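One structure below.
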Amino acid sequence: MQIELKQLRVQDLLPFWELAFSNPDAEWTKWNGPYFHDTLPTKKDFIDLKQFNPYLENPMRKVIWLNNEMVGLVSAYYEDVPLNQWLDVGITVYKQTNWHQGIGKVALDQWITELFETTTLPHIGLTTWSGNLRMIALAESLQLIKEAEVRQVRFWQNKYWDSVKYGVLRDEWIK
C-alpha cells in the first residue's frame, strides 16, 4: 500500500470533485461533522478557476493518494486565527470501499509528521464527535491523547452528542 499526500492540482479538480462531492448523500457526509449541515460545492463552482478554491494548491489540505488513485483528504486548520498557535487536523476517506484498510492511519500519521516538520508548534489536535467511533479509534490507534470531552454540544439526528478532542505533543510524537 503506497500512500502519498499531495496538494490538489488544477488537472485534478474535476476527478477530485467527482470523488468527494458528486454525491451529496455519500456515507462520509454522515460522519464528517454532519451537525454543521455543510453544503458541498457544485461542480461548476469547484472547477471554476476564476473563483477562489480553498482546496486548490493549499498546503493545509492535501489529497490522499493510494497507489496513484485519489481516495481522500487530510486537512489542518487553526482554531485561533489570527494567532495561529492552535492547529487541528482532519481526515476524510471518501469511499466506503476504502474504509477499514488502514489508509486513514497511514495518511494521518504522515500528515501529523509533516505538520510537526513544517511548523514549530508544540501541539497538534484532532476534534471529532462521540458518534464517530471510527475517528475515535483512529486517533487512539495513533496514540493521540484524549484531552477533552465537551458533553452534549453537537446536535444531530434529534440527539445531543459530545465533542471529543484528542492531541499530541511534538516530543511525544517524535518518540
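Numbers below:
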{"item": "Nonlocal amide H pairs with Gly131, under 5 Å, H built at 1.01 Å", "result": "Asp162"}
{"item": "Sulfur and carbon atoms: percent of accessible area, region 78-175 [1.4 Å]", "result": "53"}
{"item": "Dimensionless Rg over Rh [region 1-97; C-alpha; Kirkwood]", "result": "0.96"}
{"item": "Residue-span extension gain [Glu149 to Lys30] - 0.36 nm each, minus C-alpha spacing", "result": "40.8 nm"}
{"item": "Among beta bridges that DSSP assigns inside the chain, antiparallel share in %, nearest 5", "result": "90"}
{"item": "Dipole magnitude of region 57-175, debye to nearest 20 (Cβ charges: Lys/Arg +1, Asp/Glu -1, about Cα centre)", "result": "440"}
{"item": "Estimated [θ] at 222 nm from DSSP helical runs (n ≥ 4, -39500 (n - 2.57)) normalised by residues in the chain, nearest 500", "result": "-7000 deg cm²/dmol"}
{"item": "Heavy-atom accessible area per residue - region 29-175, 1.4 Å, Å²", "result": "59"}
{"item": "Protection proxy ranking, peptides 78-85, 166-173, 44-51, average beta carbon neighbours within 10 Å, highest first", "result": "166-173, 44-51, 78-85"}
{"item": "Ranked by how many other beta carbons lie within 10 Å on average, peptides 100-109, 143-152 from highest", "result": "100-109, 143-152"}
{"item": "For peptides 17-23, 155-161, 30-36, sequence by mean Cβ density within 10 Å, most packed first", "result": "17-23, 30-36, 155-161"}
{"item": "Segment Lys43-Val106, extension gain: residue separation times 0.36 nm, minus the distance between their alpha carbons", "result": "19.7 nm"}
{"item": "Under 11 Å from the Glu69 label point (7 Å along Cα→beta-carbon), backbone N, region 43-63", "result": "none"}
{"item": "Charge-dipole axis of the chain as Lys and Arg at +1 and Asp and Glu at -1 on Cβ define it, positive-most pick from Thr113, Met70, Asn84", "result": "Met70"}
{"item": "Computed over the chain, the ratio Rg/Rh where both radii use C-alpha atoms and Rh is Kirkwood", "result": "0.95"}
{"item": "Cα pair distances exceeding 16 angstrom across region 107-147, given as percent", "result": "38"}
{"item": "Solvent-free Debye scattering, log10 I(q)/I(0), computed from the Cα coordinates of region 82-141 at q = 0.14, 0.15, 0.26, 0.27 Å⁻¹", "result": "-0.44, -0.50, -1.19, -1.24"}
{"item": "Virtual paramagnetic centre 7 Å along Cα→Cβ of Trp156, amide N under 14 Å, in region 95-138", "result": "127-137"}
{"item": "Charge tally in the Cβ shell below 12 Å around Lys146, where Lys, Arg are +1 and Asp, Glu are -1, Lys146 excluded", "result": "-3"}
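The values are calculated or read from the model by the stated rules, or taken from the named source; none is laboratory data. Predicted model only: the values in this text are computed from it and were never measured. Cβ atoms come from the backbone with ideal geometry, glycine included; neighbour counts cover every protein chain shown. Surface areas here come from the heavy atoms of the whole protein model, side chains and all, with no ligands, DNA or RNA. Shrake-Rupley method; radii C 1.70, N 1.55, O 1.52, S 1.80 Å.
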